[in-house]
1. Are any residues in region 90-109 of a type in the set (D, E) and within 23 Å of the chain's Cα centre (by Cα), and if so, which ones?
2. Would you mind stating whether K165 is within 27 Å of the chain's Cα centre (by Cα), surrounded by fewer than 15 Cβ atoms within 10 Å (Cβ to Cβ) and assigned to a loop (DSSP other than H, G, I, E, B)?
3. Does V314 qualify as being in contact (Cβ under 8 Å) with a residue 40 or more places away in the chain and aliphatic (A, V, I, L, M)?
4. Against the conditions (1) modelled with pLDDT of 75 or more; (2) under 29 Å from D54 (Cα atoms); (3) buried (at least 20 other Cβ atoms within 10 Å of the Cβ), where does K479 fall short? Just the number, please.
5. Has region 432-441 got at least one residue that is modelled with pLDDT of 90 or more, out of contact with any strand residue (DSSP E or B) (no Cβ under 8 Å at 6 or more places or on another chain) and within 26 Å of G231 (Cα to Cα)?
6. Can you find, within region 75-100, the residue that is nearest to I61 (Cα to Cα) among those that are surrounded by fewer than 23 Cβ atoms within 10 Å (Cβ to Cβ) and touching a Ser or Thr at 6+ places or on another chain (Cβ under 9 Å)?
7. Among the residues of region 329-358, how many are part of a helix (DSSP H, G or I) and among the acidic types (D, E)?
8. Could you tell me which numbered condition M64 fails, if it satisfies all but one of (1) assigned to a helix (DSSP H, G or I); (2) within 27 Å of the chain's Cα centre (by Cα); (3) surrounded by 18 or more Cβ atoms within 10 Å (Cβ to Cβ)?
Amino acid sequence: MKWLCILPLLFYAPLLGGFSPAQKGKILYALHIGETKKALDAYLEGVDETKTQDFDLLSEIAKMLIEKGARSSDPETQLLSIFGASIALDSTLLPIFEIGLNSKQMLTQLAALDGLINLHDDEADLLIHQALSSPFLLVRLEAAYKLSAKNDPNIAGHMQALALKVPPPILPLFPQILVQLQYPSATRMLRQLLTDSDVQVRIESIRFIAKEKRDDFLPQIQRQLTSPNRGEQEACALALGQLDDHSSLPSLRQLAKASEIEVRLAALASLVTLGETETIEGIIEIASQKNLFAAVLLGELGNGCGKERIEKIVQCLENLLQETDYSIRLNAMLALLKLKRLPKGAPLSEFLIRDARDLGMIINRSPGRGLAAASVHPSATCLTKRHPGMIAQTQLIKEEILRETLEQSEEVFLETVATIFQHNETTLIPLSVELLCNHKSERALNFLKKMEQKAGAPFIRTYCTLALYYAGEEEGYGKKIITWLDQEKSLPPIRFREDKIASDPDRMTSYTLSPEETSRLMILALELLLKKESEAGVSALVKMMCHDTSKNKYAIAGLLIKGVE
């Protein structure tokens, strides 16, 4: 009876090309009964015998492996299989995504949605429609968001029906979905949300209308500018600037004298945006009183305010850098980075390098959610229960600082990266390496080459080798990677960014299956290995799959499918 299972595989084998039918049957049968290592070993033996790769057979092996992983009861295996299918971007893997959508794990359903959106396929869109019936509300909202980005005509009706079922605290998520739809039914519902009894629903509606430049809502926002609620006033004031509404200048000038600081700042910011750059003086004054939102605004608006005012802004921010309060120093430094006026000796390292203070960072928003600033908290490890998402937000802010240094002088950038390497700040080394690689200056590449030889630091050496290979340096780095893969026998486990949903304070929904930096560079380099080293690279990854114990084989299978087609 066992041989009945292999008959369809043997029938299909002659179509695959390359190896003999007997070899293919042996390999596919071993894979079919779950003996993955035996199947991959048999494939490598076949390569040794024929002296060639059978890419069609290898693609079939990879697809079977991903399917097996997707059907696994282990959530991590299933998630990595969905990720592998997402890397492959092969429409024949649509059944894998359907398996993911039928998973009992919310994260796996979200990952399947993330892969489907990149396929640009009508059948993929039909599967996304299926997710609108998921038992998980977040999955349904994410599916609606992805379909609304495609201006799907059915989403407005779905959102109207859903609004009758969800608890009121969920309604603030609706505007960012409806605002993307260009249909009268969606516009009517958005107008209703704009006047909802819940102020948070109104604020989110205003914010996303402004973000999407929907000036057809301008008259209503102008009317709501006189709302007694300060959060709503602030949101309207900022929206008028984003919608380029010069007719509201008199009202904004009046609000620039408001007693509520956030409303005043929003009005001043819009006045600057609308061309009255002299009003930046009001923001400078508020910033000098150690207001974090004002300091951030100076970084965002300062460059368009003329040379004389820039000097005043820089002086104000440099004064704030001398404060003892961590949060004041951090926001002043971020603003100076955006202005490309960071002074020498600025405290970059105290916010990038983890030390005994264990500083954590969180993005805080104003009542109208239009103004944002970071707050710094010592002993962050002890506060993660009270502040979910702190670890993810801290990492994002550190990455923002690091990326901004790339826009400063090369000296500042290289000094910052050198400090990160010196302190072995592992969470930032992969991004540092990637930025050095993309910078491609002679000094940056020389620094990578120096670190690639660093004694006693295998983590650093490995990522520098990957980066130099990715940068196109031709000094045998491809062979080094193949040797490393052969010696290591298994790759570091692919990890995904922690708490991705909570880590983006501007978006209240939207999920992306995004690998951590440590995994992303590795994936990019392995993909390039397949392209540049061809058969040697394929054999190296197949060997890695044979020995892998970290479940990475499912992601590598996706890379192989993409690489051999």
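The values are calculated or read from the model by the stated rules, or taken from the named source; none is laboratory data. Because the structure is predicted, anything quoted here is derived from the model rather than measured. So basically every Cβ, Gly included, is an ideal-geometry build from the backbone, and we count neighbours across all protein chains shown.
1. Of all residues in region 90-109, those of a type in the set (D, E) come to 90, 98.
D90, the sole residue that qualifies.
2. Taking the combined requirement at face value, the residue does not satisfy it.
3. no
4. With (1) modelled with pLDDT of 75 or more; (2) under 29 Å from D54 (Cα atoms); (3) buried (at least 20 other Cβ atoms within 10 Å of the Cβ) applied to K479, the lone miss is (3).
5. No, region 432-441 contains no residue that is modelled with pLDDT of 90 or more, out of contact with any strand residue (DSSP E or B) (no Cβ under 8 Å at 6 or more places or on another chain) and within 26 Å of G231 (Cα to Cα).
6. By that ranking, first place goes to D90.
7. 1
8. M64 satisfies every listed condition except (2).
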